[in-house]
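A short write-up of the structure that comes next.
The values are calculated or read from the model by the stated rules, or taken from the named source; none is laboratory data. Computed from a prediction, not measured in an experiment: that's the story for all the values here. Using ideal geometry, Cβ is built from the backbone for each residue, glycine included, and neighbour counts are taken over all protein chains shown. Just so you know, the surface numbers come from the protein's heavy atoms only, side chains and all, with ligands and any DNA or RNA stripped out. Shrake-Rupley method; radii C 1.70, N 1.55, O 1.52, S 1.80 Å.
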Amino acid sequence: MSKKIVIVGGVAGGSTAAARLRRLDETAEIVMFDKGEYISYANCGLPYYIGGTIEDRKKLLVQTPESMAARYNVDIRTLSEVTRIDRENKTISVHDLSSDQTYEETYDQLILSPGARPIVPPIPGIDEAKALFTLRTIPDTDRIKAYVDEQKPSEAVVIGGGFIGVEMAENLRDVGMNVTLIEMANQIMPPLDYEMAAIVHQQLRDKGVNLILNDGVKAFKNNGTKVLTQNGKVIGTNLIILSIGVRPENELAVNAGLSVGTRGGIQVDEYLQTSDPSIYAIGDAIEVKCYINKQTTMIPLAWPANRQGRLVADNMYGKYTPYNGTLGTSIAKVFDYTVSTTGNNEKTLKSLGINYEVVHVHPSSHAGYYPGASPIALKLIFDQETGKIFGAQAVGKNGVDKRIDVIATAIKGDLTVLDLPDLELAYAPPYSSAKDPVNMAGYVASNIVEGLIETVQWHEIDAIVENGRTLIDVRNSSEFKKGYINGAINIPVDDLRSHLHELPQNETIYVHCQVGLRGYIATRILRENGFIAVNLDGGYRTYDQVIRDKLDSISNKGVSKTNG
Ligand SMILES: Cc1cc2nc3c(=O)[nH]c(=O)nc-3n(C[C@H](O)[C@H](O)[C@H](O)COP(=O)(O)OP(=O)(O)OC[C@H]3O[C@@H](n4cnc5c(N)ncnc54)[C@H](O)[C@@H]3O)c2cc1C
């Protein structure tokens, strides 16, 4: 007898599961419910439709209920909210939103892919704010787009500097609005560490976004035409986008007595089965294991939802493939820059008490002599003993995506930093260098693992100099004059050998250059001559990007629309 599989949620995870189920079993009865009007649409493209980069709304609809039903013979019921699961009788209650009728439907197996919804905190004045929007669905998008096109607002406030907030800030700038982005933390885009986010802050300010960090929204006044911040700023606005994060849609699961974790994610085993063997759950609504540190976490991204959609179907048909955890590889466009990360950042590793080492390199996206090359700030985080790769972050104008994808692949292939120099990657001058940025990061990290070099980080060097240690800036004098670390003495690397007699013998000497390479050479010269020498990782550029960010943050650089 054919089995009946019911799916709750028809977008990323749900639609993928439905299609795979049908390909595995032509006879199963598959019923997919979505409380919205649309299924299988491109959530990730929604900000770009508002900003006008995607012009044709139809392109957002990857599948319509009709096209999917025709191809996969799935019974698709939109505008149908599943309101209850009766596990004992294996039925669900469905509220048909068009007719306002409620009915029951049986299942043999149930897949929950209800996603996550935007967090809307009870900020004073939020209910009266007339032009306050969140962005998740096509109707949300239509509402924002219609408001922007018809009301032509000039001032936008985006609350929350996660990926969606930052993408919206860019897209609202693209339609000509003045944009203020308010973020409670000291940085935007949490998967980045602060010094990497500092580059993105700079880009936002350069593009005229009024970036407010370390501040939260206290209240909305005058029907949401004024935003009051905790630090006393008052910002006039006629459009607010609230994007401070999402929470799992777990009510069905909780009410049915399924296990959920402390952050509300539905708990599943490695085969995506919930605490009820007939019920599976996937996507943004579930807890996952972090691929790197094996702790439970929640990572609401499209790749995990799609992967789990396929695996859940396989597992239901006996082709048992475990879900191995989420690495959190992510990418976003921020005006002229691409920002991408994979694995764990320093903040996460620190909070878990995991020891790690870090390298920052700033290689060119491709050969410097071929037009159009631009630097990539690439950070690699790894275990100093074993070389295990914990994570990587990259920010730059070109070639960021493939470098992070290569490192993400290396992580999944259990390669260590010692293997990265040996990756034979495609090279011709328009695309890369004979030593690709990933090779370069691998070389630098290997030097640390092999004990050829010791480094200090950008946040340690000021205190070291203040404690009276010697810091040698080995750049040339014209570079030094443009900006230097207080207390540094300038001895260009090529002159270093003739100055050795001036240097202290029995204490650690610190060295830096612009990006780390000449500092490394200088460190080797010093060590080979019997000195104890340590290089500043990432050089002056990594140090300076933080200093500039702090100064800009204080002076509130950007198009300030702050009213008194
Ligand atoms: C604006 C935006 C941009 C994004 N950009 C990116 C990106 O660039 N890269 C990336 O990796 N990820 C991105 N994401 C995240 C990505 O879209 C999600 O991780 C992914 O869609 C999750 O899939 P899912 O199946 O768990 O949930 P969803 O795709 O959200 O689907 C859940 C569906 O279930 C329905 N539903 C919920 N409860 C019920 C119920 N009780 N009855 C019936 N139906 C129900 C909902 O209406 C919804 O349609 C973005 C998300 C948004 C909103």
Note: probe point = Cα of Asn506 + 7 Å toward Cβ; backbone nitrogen < 15 Å; residues of region 514-543 passing the test are 531-532
The whole-number value in µm²/s of the Stokes-Einstein translational diffusion coefficient for region 402-445, with Rh from the Kirkwood sum over alpha carbon pairs at 10 °C and 1.306 mPa s, is 152
Mind checking the angle between helix 437-449 and the chain's longest principal axis? C-alpha axes, 0 to 90 degrees, to the nearest 10. 60
Which whole-number value in Å² is the accessible area per residue of the chain, probe 1.4 Å? 43
Quick calc, Val254 & Tyr370: beta-carbon distance into FRET formula, R0 41 Å, rounding 0.05, result 0.10
In terms of solvent-accessible area of protein heavy atoms at a 1.4 angstrom probe, what is the ranking of Lys35, Lys90, Lys145, highest value first? Lys35, Lys90, Lys145
Under 25 Å Cα to Cα from Lys550, which lysines show up? Leave out anything in the same chain fewer than 8 places away. Lys207, Lys218, Lys233, Lys333, Lys347, Lys350, Lys379, Lys397, Lys481, Lys482, Lys561
Between region 274-349 and region 118-179, the Cα center-to-center distance that results, in Å: 27
Below 18 Å, Cα to Cα, which aspartates and glutamates can Lys90 reach? Residues fewer than 8 away in the same chain don't count. Glu29, Glu81, Glu104, Glu105, Asp108, Glu251, Asp276
Sites Asn490 and Ile532 - FRET efficiency at Förster radius 25 Å, r taken between beta-carbons, to 0.05: 0.75
Carbon and sulfur: what percent of region 466-528's accessible surface (1.4 Å probe)? 45
For Asp405 and Asp419, compute 0.36 nm times the residue count separating them, minus their Cα-Cα distance, and round to one decimal in nm. 3.5 nm
Taking the chain as the reference, fit the longest principal axis to its C-alpha atoms, fit the long axis of helix 517-528 to the helix C-alpha atoms, and give the angle between the two in degrees, 0 to 90, nearest 10. 50
So what's the gap between the Cα centers of region 81-107 and region 482-534, to the nearest angstrom? 72
With every protein chain in place, what's the accessible area of Val246 (1.4 Å probe, Å², nearest 10)? 60
Measuring from a point 7 Å past the Cα of Val175 along Cα-to-C-beta, which residues in region 94-138 have an amide N at less than 18 Å? 130-138
Could you put Leu132, Leu517, Leu380 in order of accessible surface area, largest first, with the 1.4 Å probe and the full protein assembly present? Leu517, Leu132, Leu380
If you roll a 1.4 Å probe over region 190-330 with all protein chains in place, what percent of the accessible area is carbon or sulfur? 47
Which residues does the label zone of Met1 cover in region 107-121, counting backbone N under 14 Å from a point 7 Å along Cα→Cβ? 107-109
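For region 192-340, what is the charge dipole size about the Cα centre, in debye to the nearest 20, if Lys and Arg each add +1 at the Cβ and Asp and Glu each add -1 at the Cβ?
Dipole about the Cα centre, nearest 20: 500 debye.
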Extending each Cα 7 Å along its Cβ direction at Asn467 and Lys412, get the distance between those two points in nm, one decimal. 4.3
Using heavy-atom solvent-accessible surface (probe 1.4 Å) with all chains present, what is the largest-first order of His362, His459? His459, His362
Determine the shape class of region 1-106: with a ≥ b ≥ c the square roots of the Cα gyration tensor eigenvalues, call it rounded for a/c under 1.5, and otherwise prolate if a/b is greater than b/c, oblate otherwise. oblate
Residues whose built amide H sits under 5 Å from the amide H of Ser365, excluding neighbours closer than 5 in sequence, are Ser374, Ile376
With label points built 7 Å along Cα→Cβ from the Cα atoms of Val62 and Lys218, find their separation and express it in nm. 4.4
To test your reading of the geometry: what angle, between 0 and 90 degrees and rounded to tens, separates the Cα axis of helix 400-412 from the longest principal axis of the chain? 80
Report Trp303's accessible area, 1.4 Å probe, all protein chains in place, as a number in Å² to the nearest 10. 140
In order through region 490-505: 3J(HN,Hα) via Karplus (6.51 cos²θ - 1.76 cosθ + 1.60), integer Hz, x for Gly, Pro: 9, 10, x, 4, 6, 9, 4, 4, 7, 10, 4, 5, 8, 9, x, 7
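Considering only DSSP beta bridges with both partners in the chain, what is the antiparallel share in %, to the nearest 5?
In the chain, DSSP labels about 55 percent of beta bridges as antiparallel.
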Helix-only CD estimate at 222 nm, as mean residue ellipticity for the chain, using -39500 (n - 2.57) per DSSP H run (n ≥ 4): -8500 deg cm²/dmol
